[in-house]
Amino acid sequence: MAGVILSLNDVNGWYGESHVLHGVNLEVARGEVVSLIGRNGAGRTTILRAIMGLLERRNGRIEIKGRDMSAVAAHKLAMAGLGYCPEERGIFSTLSCEENLLLPPVTRRDSGMRVSLSEIYEMFPNLAERAKSPGTRLSGGEQQMLAIARILRTGADILLLDEISEGLAPVIVQTLARVIRELKSRGFTIVMVEQNFRFAAPLADRFLVIEHGRVVDVVQQSELAHRMDEIHRFLGV
Amino acid sequence: MTEIFGVPAQVLYGQLLLGLVNGSFYALLSLGLSVIFGLLNIVNFAHGTMYMLGAFLAYALLMPLGLGYWWAFILVPLVAGGIGIIIERTILHRIYGLDNIYGLLVTFGLTMVIEGLVRVYFGVSGLRYPVPASLSGMLDLGFMRLPVYRVWVIVAALGLCLVTWLVIERTRLGATLRAGTENPKLVQAFGVNVPLLVTLVFGWGVGLAALAGVLAAPLMQLTPQIGHSIIITVFGVVVIGGMGSILGSILSGLTLGVLEGVAKVYYPEASSTVIFVVMILVLLVRPHGLFGKQ
């Protein structure tokens, strides 16, 4: 694959004694939107956590922009351009909306991908209105917007988004879909975990099917229509 | 002579002042203890020992080296903070993620070791640290006379608490600290060097405890046990204020110090237990403390 920006080679991961990732291999090209799909417990979120160095134990090789980051400390991964939006959103209750937004340090000032605060407020007007509200007093949709917005400020160009549409009203989900399209058009590389296949289907360039902690199939956007039955079987729909 | 509920006003005011002085020490110590618990999740039993160490370091600077109170006020927190950083890097970082009991046991062991070293070097008989000349004398308010040094202790302690509160509640660094207390792994994923932050916070907490020791040195007989007697009360203060709550530590420290002072006037037998009675009541009504979060 040309222009690979993120690759995992034979990555294994554990939660305590439980072996949960079993030799994950994947590649993501610059500017690509990739969706990890699969049933609950298949290991999709764990793959994102492994990339971010958040697993207690993992091995294998993780490369970002050609550099081996397997042994790099978790706090240094953000410097390589990773931005992480966790499944539980990770909004801090003791911080206001604006403090949450400004919390992640700007790690890459020269990346050209940094979204300014004014652009963020243009993209998510609600966040400007609720700037002084405690982070966890925001609605679910606003919290999700905040979780995405705060990593855009840092200069990250590889976004790992975990279940961003989960539990949100359809109108908010549409807004998020619009944001993903805009980010893609700006050149961001996006890896997203999505249970809501209808949300991910029109957005992703490729779909990596995850089962039992490994990538078992790859579906291109162009193949989507004629492989839908197969995908539904993978998802247990 | 004016009496308030059967007690001469002068006596009551005197005890209120003493209560405020003690409350200032409780606030300073519980503040450090609370922040360390919030970020490291370690119940630092050695915190009282660092207070004791601060007082003895001030004494050591004065006696062999001839460096007086103001030198101690600057140097002791730095030296003690450095010792704290070494302890965190070499010992405490090995027990993160384990049950709280390990932290309690390790810091209890540290208390024994540090106290033993102080006992070997300084002996067990009480030592006197003089009140600095610039802070000696009395302040006449008309209705009562206050020792200048005690007023200084209250002002300095409140100033330190205020600065700490402002840094934690009103700055970007403080926001990072608060976030680190809630979810350190996510903060790390954002590119913040959380292990370094933890080390510095521990060093700062130890420095603050040692500074409280410097402030207290001219007010007491210095013995290696002074940390023991205060740490149990400070644990009570932290529990009442709410583990991890900065404002709770400061307010409950001051309030409970005053309450203890008032108890000494009206019912002296209860003065040493009043804080723990309040603690039991608070735990029954609000198990997470007055200002703590569930």
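Every read-out reported here was derived from the displayed coordinates using simple, explicitly stated rules and does not represent laboratory data. Keep in mind it's a predicted model, so treat the numbers as computed, not measured. Reconstructed Cβ throughout: ideal geometry from the backbone, glycine too, with neighbour counts over all protein chains shown.
Here are the numbers for this structure:
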quantity: Separation of alpha-carbon centers, the range B:21-56 and the range B:66-98, rounded to whole Å; calculated: 12 Å
quantity: Between the range B:222-294 and the range A:15-70, the alpha-carbon center distance in angstrom; calculated: 48 Å
quantity: Per-residue [θ]222 nm for chain B (sum of -39500 (n - 2.57) over DSSP H runs n ≥ 4, rounded to 500); calculated: -23500 deg cm²/dmol
quantity: Least to most buried among A:Cys97, B:Cys161 (fewest other Cβ within 10 Å first); calculated: B:Cys161, A:Cys97
quantity: GNM flexibility winner over chain B from B:Leu281, B:Leu65, B:Leu40 (Cα, springs under 10 Å); calculated: B:Leu65
quantity: Tensor-based shape of the range B:149-212 (alpha-carbon gyration tensor, a/c under 1.5 rounded, otherwise prolate or oblate); calculated: prolate
quantity: Cα convex hull of the range A:1-107 - mean projected area over all directions, nm²; calculated: 7.9 nm²
quantity: Chain B, relative contact order [Cα under 8 Å, separation at least 6], %; calculated: 38 percent
quantity: Exposure proxy ranking, count of Cβ atoms within 10 Å, fewest first, for B:Ile95, B:Ile4, A:Ile210; calculated: B:Ile4, B:Ile95, A:Ile210
quantity: Averaged over B:175-188, number of beta-carbon atoms from partner chains that fall within 10 Å; calculated: 6
quantity: Anisotropy class of the protein assembly as shown from Cα gyration tensor, a/c 1.5 cut; calculated: prolate
quantity: Given charges at Cβ of Lys, Arg, Asp, Glu: the protein assembly as shown dipole, positive-most of A:Ser35, B:Ala175, B:Val11; calculated: B:Val11
quantity: Shape call, the range A:83-203: gyration tensor on alpha carbons, a/c limit 1.5; calculated: oblate
quantity: Descending semi-axes in whole angstrom, ellipsoid equivalent of chain B, from the Cα gyration tensor; calculated: 31, 24, 18
quantity: Rg [Å, one decimal], Dmax [Å, integer] - the range B:209-294, C-alpha atoms; calculated: 13.7, 40
quantity: Over chain A: helical MRE at 222 nm, DSSP H runs n ≥ 4 each giving -39500 (n - 2.57), nearest 500; calculated: -8000 deg cm²/dmol
quantity: Helical segments meeting 18 Å axial Cα length and Kyte-Doolittle -0.5 threshold in chain A (DSSP H); calculated: A:140-152, A:170-185
quantity: Taking the C-alpha atoms of chain A, convex hull volume expressed per residue in Å³; calculated: 123 Å³
quantity: At least 24 Å along the helix axis (C-alpha) and Kyte average at least 0.5, DSSP helices within chain B; calculated: B:9-40, B:69-90, B:100-122, B:148-170, B:194-216, B:246-266
quantity: Cβ-based exposure ranking for B:Tyr51, B:Tyr102, in which fewest neighbours within 10 Å come first; calculated: B:Tyr102, B:Tyr51
